Amino acid sequence: MSGQLLTLSRLLFGWLPRTVQTRPGEWLRAAMGVAGAVACTYWLSSLLYGSTTAMILLGPAGASAVLLFVVSSGALAQPWPVLGSYLLAALAGLAMLHLPLPEMVLGWQLVTGVGAVVLGMSVLRCLHPPASAMVVVILLAGDLLAPLGGWLVLPIMLNACCLLFCATLYNNLTGVRYPKQAPRVDLHHTRDILPGQRVGFTEEDLDRALDKHGAFVDITRHDLEQIIRDTESSALRRKMGDIRAEQIMSRDIRTVGPDTTVMQAIRLFRHHHVKTLPVVDSDGVVQGITSLSDLLAQLDLPLGRILPTRINLWRDQPLHKVMTTPVVTVDGQTHVVDMIPLMSNQGLHCLPVLHNGRLVGLVTQTDVIAALHRDLVSHLA
């Protein structure tokens, strides 16, 4: 008997998924967001359409809120899936209620409505599971919702818009970017892909893998790509050992102040053969960074100001007017693997290294290349 119980317990525990990769703080953040969004949606809907209508439509809204706040990065939780699916559900529910469908019992109405919504969501790329529940709610509560007639679309879309507004506001205020976007940084304005994406898998490789998978994947394509690249970065960091910014940075660096003139900076560029100069205040706090490209950019002004700008450029113009700010910085413990994409993808020539907010060193592209060469030699030895 005990052996059977042990086997049964193992079987039941085997069904449990692995621990989700989130922290308890995230659970609390998501729970508060869901509760607040559902409360706001119910209050607004009851205010405009009555408590009965608001209560009937609240079930699918609660399910949508879970997606919008718990898995906000998923493909099913983005704005278009929410809006498109709710609109399809409203239209399908109204069609099942009001179109002349002789001898169609409620069960067949439910089956037809849910199937039509899922097919429509797939075609329009707005898959959002709570919309299927919305059709069921409309058909089951048809008599209670009948006074609204065709205007039933309005409270349904009101719920969708209210949820999206709450999700956008709350998620971004609590540090979760929503809606998700796939930004592409094209600093050189060419058709070349980013340097960090030229080695390893390509976008075509990812497309082929998704096509081979064949099924729906509840994650945006950009997030999937980012997860894979982060995994590669973690593996590379493990293989490269402990190469930190403080080990490879230049410590005897040339700096300038915010009031240093352009002419003085140019003399430093020439004398020390550098391409960038950190701009720091009297306490060593980085205020900005000046490069040769910053100085040349002053020439790219309207035609009428070219001559006076050239005169100021070579004389007494202070650097705080031409420097780049804010500055991308790292600390001494930043791994070389984390610095590579900052330089390759963002086009940075150097990274100021800070300790307690003060400048202590500078990691240049040359320093990173030397570190990579040293690591390569150590693996070949």
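The values are calculated or read from the model by the stated rules, or taken from the named source; none is laboratory data. Just so it is clear, the structure is predicted and the values come from calculations on it, not from any experiment. As a convention, Cβ positions derive from the backbone with ideal geometry for all residues, glycine included, and neighbour counts pool all protein chains shown. Each accessible area value is taken on the protein alone, full model and side chains, heavy atoms only, with ligands, DNA and RNA left out. Shrake-Rupley method; radii C 1.70, N 1.55, O 1.52, S 1.80 Å.
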* Asked: Has the stretch 75-98 got at least one residue that is of a type in the set (S, T, Y), open to solvent by less than 40 Å² (accessible area, probe 1.4 Å) and in contact with a helix residue (DSSP H, G or I) (Cβ under 7 Å, 6 or more places away or on another chain)?
  -> yes
* Considering each residue of the stretch 243-274, count those that are in a helix (DSSP H, G or I), in contact with a Leu (Cβ under 8 Å, 6 or more places away or on another chain) and open to solvent by less than 30 Å² (accessible area, probe 1.4 Å), and give that number. => 5
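Could you please let me know if D218 is in a loop (DSSP other than H, G, I, E, B), surrounded by 12 or more Cβ atoms within 10 Å (Cβ to Cβ) and either out of contact with any Phe, Trp or Tyr (no Cβ under 6 Å at 6 or more places or on another chain) or at pLDDT 70 or above (or both)? Give the steps one after another, and end with the answer.
On the way: in a loop (DSSP other than H, G, I, E, B): yes; surrounded by 12 or more Cβ atoms within 10 Å (Cβ to Cβ): yes; either out of contact with any Phe, Trp or Tyr (no Cβ under 6 Å at 6 or more places or on another chain) or at pLDDT 70 or above (or both): yes.
In short, yes.
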* To do: Have a look at G25, G50, G59, G36 and point out the one that is surrounded by fewer than 19 Cβ atoms within 10 Å (Cβ to Cβ), at pLDDT below 90 and out of contact with any Cys (no Cβ under 6 Å at 6 or more places or on another chain).
  => G25
* Structure fact -> Picked from the stretch 326-341 (must be modelled with pLDDT under 85 and either hydroxyl-bearing (S, T, Y) or open to solvent by 40 Å² or more (accessible area, probe 1.4 Å) (or both)), the residue farthest from I248 (Cα to Cα) is P341
